[in-house]
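The values are calculated or read from the model by the stated rules, or taken from the named source; none is laboratory data. Computed from a prediction, not measured in an experiment: that's the story for all the values here. Positions of Cβ are backbone-derived with ideal geometry, glycine not excepted, and every protein chain shown enters the neighbour counts. These area figures cover heavy atoms from the full protein model, side chains too; ligands, DNA and RNA do not enter into them. Shrake-Rupley method; radii C 1.70, N 1.55, O 1.52, S 1.80 Å.
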Amino acid sequence: MLNLVLFGPPGAGKGTQADFLIEKFKLIHLSTGDLLRSQIAAKTEMGIEAKSYMDRGFLAPDWIVISMIKSILQENVNANGYIFDGFPRTVEQAWALDVLLEEMGTPVSGMLCLIVDKDELIKRILLRGITSGRPDDQDVSIIENRIHIYNEKTLPLTNYYSAQNKYFKIDGMGSVEEIAHRLIDTVSKL
Ligand code: AMP
């Protein structure tokens, strides 16, 4: 199985780039942001709890995202592989992912980290906010908080994957196609 962690700050283009990787390597896309928004739309208990964090730009509780990921992995044991988009975002989530994949007899193949300037991130998110309608995409202070939380809680994960020689830095500036090419090139060598 090819199990990719697509990593990077909010607005780095993870969702857009995931589409190219899915098409090329026939992977299942697992975006915790999308899964949480579906839970919110369905007004489930998990969705209602997660919404209060997401609307303010904070991370949803680990137990919610881990249990969502767990049920999808258990439903798709024969997949070609997965692309984890926006997950893991904390060290606890990375540990949980390792345990879940170990139970399936397959490890994380690589962590691809998109590097994008902060000004460009804010520009991209505000632009997306016009069409996404997401409350967390429309307010600069919430966007700044999301970037701050990324730097504080999520960025340390690069050390976790780097220690396992699974960390790959990808220049996330440039055209969508250029970035996709860089990603595909790196994944092809895994
Ligand atoms: P995203 O669509 O990846 O930008 O995520 C939007 C929001 O969903 C984030 O700002 C968090 O509040 C929440 N979220 C998404 N993925 C996770 C995760 N792995 N852990 C905790 N919260 C998450």
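Pairing residues of region 118-135 that are assigned to a helix (DSSP H, G or I) and within 14 Å of the ligand (Cβ to nearest atom) with residues that are open to solvent by less than 50 Å² (accessible area, probe 1.4 Å) and among the β-branched types (Val, Ile, Thr), at Cβ distances under 8 Å and at least 6 apart in sequence or on separate chains, gives Leu121/Ile143; Leu121/Ile147; Ile122/Ile143; Ile122/Ile147; Arg124/Val116; Ile125/Ile143; Leu126/Ile143; Pro135/Ile142.
This table checks each residue for (1) without any contact (Cβ under 8 Å) to a residue 40 or more places away in the chain; (2) aliphatic (A, V, I, L, M); (3) touching a helix residue (DSSP H, G or I) at 6+ places or on another chain (Cβ under 7 Å).
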{"site": "Ile147", "(1), (2), (3)": "no, yes, yes"}
{"site": "Thr158", "(1), (2), (3)": "no, no, no"}
{"site": "Lys166", "(1), (2), (3)": "no, no, no"}
{"site": "Lys169", "(1), (2), (3)": "no, no, no"}
{"site": "Asp185", "(1), (2), (3)": "yes, no, no"}
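Hey, any hits in region 68-81 for a residue that's crowded, with 19+ Cβ neighbours inside 10 Å and among the small types (Gly, Ala, Ser)? No. Looking for something open to solvent by 30 Å² or more (accessible area, probe 1.4 Å) and among the β-branched types (Val, Ile, Thr) - is there at least one such residue anywhere in region 49-65? No, that holds for no residue.
All of Arg56, Arg89 fail the test of being within 17 Å of the chain's Cα centre (by Cα) and charged (D, E, K, R), apart from Arg89. The combined condition, being touching a Lys or Arg at 6+ places or on another chain (Cβ under 9 Å) and modelled with pLDDT of 95 or more, is fulfilled by Ile147. Being under 29 Å from Ala41 (Cβ atoms) and open to solvent by less than 10 Å² (accessible area, probe 1.4 Å), is that true of even one residue in region 159-171? For region 159-171, residues under 29 Å from Ala41 (Cβ atoms) and open to solvent by less than 10 Å² (accessible area, probe 1.4 Å): absent.
Candidates are the residues of region 31-48 that are more than 24 Å from Ala18 (Cα to Cα) and not β-branched (Val, Ile, Thr); the one that is least open to solvent (accessible area, probe 1.4 Å) is Met46.
Considering only region 171-183, how many residues are in a helix (DSSP H, G or I) and touching a residue at least 60 places away in the same chain (Cβ under 8 Å)? The number of residues fulfilling the criteria is 4. Within this structure, Ile115 passes the test of being within 15 Å of the chain's Cα centre (by Cα) and more than 11 Å from the ligand (Cβ to nearest atom).
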